[in-house]
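Working notes for the structure below.
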């Protein structure tokens, strides 16, 4: 295994760990009166300020690349930063950390349907099987019998999944030459501005508290979980981009699945939260389904990229045009090519060309048609 692959795995595992622990840390602050708007704002603002100096240093003389990829940077800031943070932390307030994360982990399924619609290439049967298994797992996770669930929380978790899918699609683009941590810093700045605007408009109200929090059964200053949130945010997104660029989106998504058990362990250790038994079974179904989806992607990639509908139609048009051209070739050749051959009794060999009877003479002669071309008629 090459050093690049080892580093890619290490960075992706570190990113999954930081993402997994952030939800549990944020929920300790909710207990003292903090809101999702305030947590997301402080998290993104603090991270963007810490990354400001490294971002400016790495971007020296490279701002032209930002202008070239400004749409990608903007989408990354809006979806992967503001959207993913905001929706997930609202979901965590309404649901348990594990359930919110399991619903967010349906992002790979959304990527399958997006690529199908964008490329019009139908996924392989194994991918469809994975989608069905994952959807069955989602139904089990939404266990209405004993779990604390709200429709609003489920919708927020699924919107977080949409933003996470955008994060995977954007982060795995090797065509973006911006340094990973500079790219993260730019995205976080955009995300912080968006969250601040939502705070001011009252869409995501921000409430800040300075009371002590209970973390893993211990009382501590609110500054400790706040500092962890900021640092974990930088680690999650920075290492995530590094890992995805080294191992690719498919392998990175496989490794990212460890975020689910890590989040469950963090929620148990920090908050004492445990999912119900039926939700655990549903989580296993979701993970198996996602693994099947990714396995199908790998098999499809090894088999070669299938042609799209547009490519198939273009190929068939070319084949029809080629057949029409071949069918027209003999007629065109008979009218343009000079006639040649021996005549016996005033006739050409069968299957070639027959002269009109009035033009046939028993004596040797030379016939000149109107076109100016001729055939030397010999005995």
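Exactly one condition in (1) farther than 16 Å from residue 34 by Cβ; (2) in a helix (DSSP H, G or I); (3) in contact with a helix residue (DSSP H, G or I) (Cβ under 7 Å, 6 or more places away or on another chain) is false for residue 228; which is it?
(1)
Got a sec? Which of 106, 119, 127 is under 20 Å from residue 264 (Cβ atoms) and modelled with pLDDT under 85?
Working: 119 fails: under 20 Å from residue 264 (Cβ atoms); 127 fails: under 20 Å from residue 264 (Cβ atoms).
Every option except 106 fails the conditions.
So residue 319 fits all but one of (1) modelled with pLDDT of 75 or more; (2) touching a helix residue (DSSP H, G or I) at 6+ places or on another chain (Cβ under 9 Å); what number is the exception?
(2)
Test of understanding: among 40, 14, 10, which residue is crowded, with 18+ Cβ neighbours inside 10 Å, touching a residue at least 12 places away in the same chain (Cβ under 8 Å) and under 28 Å from the mean Cα position of the chain (by Cα)?
Answer to the selection: 40.
Sort through 191, 153 and tell me the only one that's touching a helix residue (DSSP H, G or I) at 6+ places or on another chain (Cβ under 7 Å), surrounded by 20 or more Cβ atoms within 10 Å (Cβ to Cβ) and under 20 Å from residue 33 (Cβ atoms).
Sole residue among the options that is touching a helix residue (DSSP H, G or I) at 6+ places or on another chain (Cβ under 7 Å), surrounded by 20 or more Cβ atoms within 10 Å (Cβ to Cβ) and under 20 Å from residue 33 (Cβ atoms): 153.
Just checking, does region 98-106 include any residue being over 24 Å from residue 69 (Cβ atoms), out of contact with any strand residue (DSSP E or B) (no Cβ under 6 Å at 6 or more places or on another chain) and without any contact (Cβ under 8 Å) to a residue 60 or more places away in the chain? Quick ask: steps written out before the conclusion?
Kept after step one, since they are over 24 Å from residue 69 (Cβ atoms), are these residues of region 98-106: 98-106.
Next, from what is left, pick out any that are out of contact with any strand residue (DSSP E or B) (no Cβ under 6 Å at 6 or more places or on another chain): 98-106.
Still in the running and without any contact (Cβ under 8 Å) to a residue 60 or more places away in the chain: 103.
There is at least one residue in region 98-106 that is over 24 Å from residue 69 (Cβ atoms), out of contact with any strand residue (DSSP E or B) (no Cβ under 6 Å at 6 or more places or on another chain) and without any contact (Cβ under 8 Å) to a residue 60 or more places away in the chain.
The values are calculated or read from the model by the stated rules, or taken from the named source; none is laboratory data. What you are looking at is a predicted structure, and each value in this text was computed from that prediction instead of being measured. Note that we place each Cβ from the backbone using ideal geometry, even for glycine, and neighbour counts take in every protein chain shown.
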